[in-house]
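Report on one structure; see the data block that follows.
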Amino acid sequence: MLTMQYLLFISGGEIVLVMLLALLFFGSKAIPDIAKTMGKGMREFKKATNEIKRELDNHTSDIKKDIDEVSSTVKKETTDIQKDITDKLKD
């Protein structure tokens, strides 16, 4: 079973040390504001990422539809040409 220490590649003691240093450096009143600001930033980043993905999916679906249309037209034309050739060879 993977624990938090293996996922972060740092031990529990190192996490405590980092938290203690953050508390000493920023103070107890500033840490919640910093965490809230980081949370908002992460939410905005995720929102922007999802919007970019949605835009790419919308534009690529149009391109895919066009490619499928061209592909089906080419297949139909090739089938018609093959049929004409085989009909001429039979005559």
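Could you give the size of the charge dipole of the chain about its Cα centre, using +1 on the Cβ of each K and R and -1 on the Cβ of each D and E, expressed in debye and rounded to the nearest 20? Present the calculation step by step, with values, prior to reporting the outcome.
Working: 15 positive and 15 negative charges, 115 e Å.
Computed charge dipole of the chain: roughly 560 debye.
How fast does the chain diffuse by Stokes-Einstein, in µm²/s, taking the Kirkwood radius from C-alpha pairs at 20 °C and 1.002 mPa s? Calculated translational D: 109 µm²/s. Across the stretch 64-74, coupling constants 3J(HN,Hα) worked out from phi with the 6.51/-1.76/1.60 Karplus curve, θ = phi - 60°, read 5, 4, 5, 5, 4, 4, 4, 4, 5, 5, 5 Hz, and Gly and Pro carry x.
Considering only THR37, THR49, THR73, the Gaussian network model of the chain with Cα springs below 10 Å gives its largest mean-square fluctuation to THR73.
What value, in deg cm²/dmol to 500, does the helix sum -39500 (n - 2.57) over DSSP H runs of n ≥ 4 give at 222 nm once divided by the residues of the chain?
Computed mean residue ellipticity for the chain: -32000 deg cm²/dmol.
Each of LEU56, LEU23, THR78 was scored by the projection of its Cα onto the charge dipole of the chain, and the greatest displacement toward the positive side belongs to LEU23; charges sit on the C-beta of Lys, Arg, Asp and Glu.
For the stretch 28-45, backbone phi angles converted through the Karplus equation (6.51, -1.76, 1.60; θ = phi - 60°) give residue-by-residue couplings of 6, 7, 7, 4, x, 5, 5, 5, 5, 5, 5, x, 4, x, 5, 5, 5, 5 Hz, Gly and Pro being listed as x.
In the chain, which trypsin sites (Lys or Arg not before Pro) fall in coil by DSSP and have 14 or fewer other Cβ atoms within 10 Å? Mind dumping the intermediate values first?
Values: sites: LYS29, LYS36, LYS40, ARG43, LYS46, LYS47, LYS53, ARG54, LYS64, LYS65, LYS75, LYS76, LYS83, LYS88, LYS90; in loops: LYS29.
Sparse-neighbourhood loop trypsin sites (Lys or Arg not before Pro): LYS29.
Each residue of the stretch 78-88 was assigned a 3J(HN,Hα) from its phi angle through the Karplus curve 6.51 cos²θ - 1.76 cosθ + 1.60 (θ = phi - 60°); the sequence is 5, 5, 4, 5, 4, 5, 4, 5, 5, 5, 5 Hz, with glycine and proline shown as x.
Every read-out reported here was derived from the displayed coordinates using simple, explicitly stated rules and does not represent laboratory data. Everything numeric in this text was worked out from a predicted model, so none of it was measured. All Cβ positions, even for glycine, are placed from backbone atoms using ideal geometry, and neighbour counts span all protein chains on display.
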